[in-house]
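What follows is a single structure, written as structure tokens, with notes after it.
Quick note: the coordinates plus some simple rules give every number you see, no bench work behind them. These numbers come from a predicted model, not from an experiment. For neighbour counting, all protein chains shown are included, and Cβ atoms are generated from backbone atoms with ideal geometry for every residue, glycine included.
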Amino acid sequence: MGKSYKIGVIKGDGIGPEIVDEAIKVLDAVSVKEGFTLRYEEMLLGGAAIDETGVPLPDETIQGVKKCDAVLFGAIGGPKWDNLERHLRPETGLLGLRKEMGTFANLRPAMVYDELVNASTLKPEVIRGVDIMVVRELTGGIYFGQPRAIEDDRAYNTMVYTREEVERIAVVAFDIAMKRNKRICSVDKANVLEVSQFWREIVEEVAKDYPEVELTHMYVDNAAMQLIRAPKQFDVILTGNIFGDILSDAASMLSGSIGLLPSASTGKGVGLYEPIHGSAPDIAGQGIANPLATISSASMMLRYAFGEEKAAERIDEAIKKALAEGYRTGDLGDYDAKEICSCSEIGDIIADYASK
Ligand code: NAD
């Protein structure tokens, strides 16, 4: 008998249910082809959870995700819940879930599909072939450091990294680099910050276990500039929480649309796989959302959570083929488009290609 995996499914709010349904359609197609079984368990989070249970992160969800092999997530939030108190808002539910799951590594690929080079604001020759993986530390650094306070005449936060925190995120980055082009650029601000000097030393130590990987270091201000000037120089970017927050958003815009890019948040336990965009309430329910970021997130889940590399490749290739054939959702514009598809139409096409 083939392998079987249990996937926690959190559709969420806005376009969440539409895009997650398409990802499941594609997952089902490749699982049949590659001979493994997928079981799904739906769970509530965000606005949908507030409506149903009164809280954004119900206990059943916290317990439920721990019993899964991975979690596929759409997006949460929307104007309906914007005026609630902070602890009851949908976003608080998502932050709480990430904390509960202990997902300390955020992986954000930024790749440019050849067929969509014209959809970017940068010149085609600068971005054609870009394929970057940003590995961002997610649960440490200045966003979490103590002490922190606002006082009458001053306010402060603290940037702290422990040896263990740097080591474990560096290991994630080196392991990923081994599966890619074996180059890591570690980004810090070691010319000014002690915490960055410490980060650099530990990354150097971890590098000794990966002699095949070429490690370079770059200051964050230069990295921001280089991402726009010559993004093809990067393979894996390894960085801390606040620098990664900013750089991964900048990198994501190389691709042209927010509807294209997936992400994975992983740690010691179950990983969370989700598109980088939000719940897009402005287009929810119209059937025009782009499901590619969520379908790509499902591909990352197969690759990183289950080790089902062939199935992941099937999805990646199916997406490329659909774009090459000129199938687009509306957000991608009509560059070289043969047909503007609805959310479920492009899902059907990709599921079909993925199962051939
Ligand atoms: P957003 O990413 O939802 O939307 C920004 C713009 O991009 C909108 O015009 C939207 O229509 C478009 N867009 C986004 N995804 C798209 C897709 N797949 N296909 C086509 N177009 C797409 O960001 P926002 O408008 O700032 O936030 C809307 C809500 O989402 C807010 O409640 C916010 O808090 C929430 N949010 C949730 C997450 C998450 O769940 N991870 C992340 C960011 C924002």
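A few remarks follow.
- Cut-off 15 Å between beta-carbons: net charge of the residues surrounding GLY244, Lys and Arg +1, Asp and Glu -1: -1
- Alpha-carbon centroids, segment 1-41 and segment 220-244: separation in whole Å: 33 Å
- Sorted fewest first by neighbouring Cβ atoms within 10 angstrom, MET301, MET133, MET111 come out as MET111, MET133, MET301.
- Anisotropy class assigned to segment 138-184 is prolate, per the alpha carbon gyration tensor with a/c at or over the 1.5 cut-off and a/b larger than b/c.
- The calculated Kirkwood hydrodynamic radius for the chain is 21.0 Å, given to one decimal from all distinct C-alpha pairs.
- For the chain, the share of DSSP beta bridges that are antiparallel, to the nearest 5, is 35%.
- Placing +1 on each Lys and Arg Cβ and -1 on each Asp and Glu Cβ, with no other charges, gives the chain a dipole about its Cα centre of roughly 660 debye.
- Gyration tensor (alpha-carbon) shape descriptor, segment 139-282, a/c threshold 1.5: rounded
- Per-residue Cβ neighbour rank within 10 angstrom, fewest leading, ILE246, ILE150, ILE15, ILE202: ILE150, ILE246, ILE202, ILE15
- Ranking VAL160, PHE243, VAL192 by how far each Cα lies toward the positive end of the dipole of segment 121-255 (charges on Cβ) leaves PHE243 at the top.
- Among GLU85, GLU18, GLU194: highest mean-square fluctuation, GNM of the chain, C-alpha pairs under 10 Å: GLU85
- Exposure proxy order (Cβ contacts within 10 Å, fewest to most) of ILE76, ILE319, ILE176: ILE176, ILE319, ILE76
- Using C-alpha pairs under 8 Å with a sequence gap of at least 6, the mean separation divided by the residue count of segment 121-255 gives a relative contact order of 37 percent.
- Rounded if a/c under 1.5, otherwise prolate or oblate - segment 243-356, Cα gyration tensor axes: oblate
- Neighbourhood net charge (13 Å Cβ-Cβ; Lys/Arg +1, Asp/Glu -1) for MET301: -3
- With contacts taken as Cα pairs under 8 Å at a separation of at least 6 residues, segment 245-285 carries a relative contact order of 28 percent.
- Relative contact order [Cα under 8 Å, 6+ residues apart], the chain, whole percent: 23 percent
- Distant-in-sequence amide contacts of ILE237, defined by a placed amide H-H separation under 5 Å and a gap of 5 or more residues or a different chain, comprise MET133, VAL134, VAL135, CYS185.
- Bridge type composition, segment 147-287 - antiparallel percent by DSSP, nearest 5: 40 percent
- Max mean-square fluctuation residue, GNM over the chain, Cα-Cα springs under 10 Å, options LYS25, LYS99, LYS80: LYS80
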